[in-house]
Amino acid sequence: VIENCINVPGNPCNGTVDPNAAVVADWSSCGEITASVLSPNYTPGSIVWSGSPHLSLDSSTQGTPNAIFTTNVPGVHIVKAFITYGNCTIIKTTTVTKHYEPKVKAAVTCTGNGNYTVKLLNNSTIFDIDPANITFTYTGPGITGSATGQSHTITGVTPGTYTYTLTLTSTGKPTCSVPITVTIDPNPVTTFSLAASYCSEEPVTLNIPGGTMMSGYEYRWVFNNTSYVASNIAT
């Protein structure tokens, strides 16, 4: 607590009158911290809020008794209020802990016959809480029943775009969710045709089936124990 006071009669912090000011803060929702100034004895003339580096103040709450900070970083955060009474400014500080931030990754594996396996992997950041006290729940297309744990696998997934969600819950703490979008491209067309016969020295033109080279794929023509990687639709 730091006090910077001018000894003016009647000033609530001149050493004889206590404004009884305090700051309280709470991890109120997944990415939000709320803070309040408590000053039951006197009404502050002004309030200026500030927070530690990973806190962002909602500018609409600056100067009000109730501030809102946002953060996606778990850890112990510091909230500070400069509370002014007349010619006196009191600095009050408190700390608040954000225990987790949800993060999820996805691994896609081709299982053949146009089907894929999608494995969702918990990658959340945890601070000062036993992970055993957190429930990690996965929801989305193809997920039925209870899907909890550090990972979850969905089988028989066909090409398309899917959105899955990881939700973290813990008793007495905010619920946090994060989505992840998984896009599986359709299988490329591989059926092609050539003339039944060619004359000697006549060039043979090979065309990528469908007339489009899909991004992320390598197209390789194979003939007589050798191969050629296509760089254009026509080879």
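Among the criteria (1) touching a residue at least 12 places away in the same chain (Cβ under 8 Å); (2) over 23 Å from the mean Cα position of the chain (by Cα), the one S60 does not fulfil is (1). Mind checking whether some residue in segment 179-186 is more than 30 Å from V222 (Cβ to Cβ) and open to solvent by less than 70 Å² (accessible area, probe 1.4 Å)? Within segment 179-186 (the criterion being more than 30 Å from V222 (Cβ to Cβ) and open to solvent by less than 70 Å² (accessible area, probe 1.4 Å)), the answer is yes, since at least one residue qualifies. If you check T84, T111 for being exposed (fewer than 13 other Cβ atoms within 10 Å of the Cβ) and in a strand (DSSP E or B), only one passes: T111.
Within the group H54, H77, which residue is within 27 Å of S177 (Cα to Cα) and not in a strand (DSSP E or B)?
Numbers: H77 fails: not in a strand (DSSP E or B).
It is H54.
Taken over segment 87-105, the criterion of being open to solvent by 40 Å² or more (accessible area, probe 1.4 Å), closer than 27 Å to G149 by Cα and in a strand (DSSP E or B) is satisfied by K105 alone. Residues in segment 131-176 that are in a loop (DSSP other than H, G, I, E, B) and open to solvent by less than 50 Å² (accessible area, probe 1.4 Å) were compared, and the one that is farthest from A107 (Cα to Cα) is P174.
Taking first residues from segment 189-213 that are farther than 20 Å from P159 by Cα and partners that are in a loop (DSSP other than H, G, I, E, B) and open to solvent by 100 Å² or more (accessible area, probe 1.4 Å), the Cβ contacts under 9 Å between residues at least 6 apart in sequence or on separate chains come to L206/F192; N207/F192; I208/F192.
The values are calculated or read from the model by the stated rules, or taken from the named source; none is laboratory data. Just so we're clear, the structure is a prediction, and the values are computed from it rather than from any experiment. Methodologically, a virtual Cβ is constructed for each residue, glycine included, from the backbone with ideal geometry; neighbour enumeration extends over all protein chains shown. Keep in mind that these areas ignore ligands, DNA and RNA; they rest on the heavy atoms of the full protein, side chains included. Shrake-Rupley method; radii C 1.70, N 1.55, O 1.52, S 1.80 Å.
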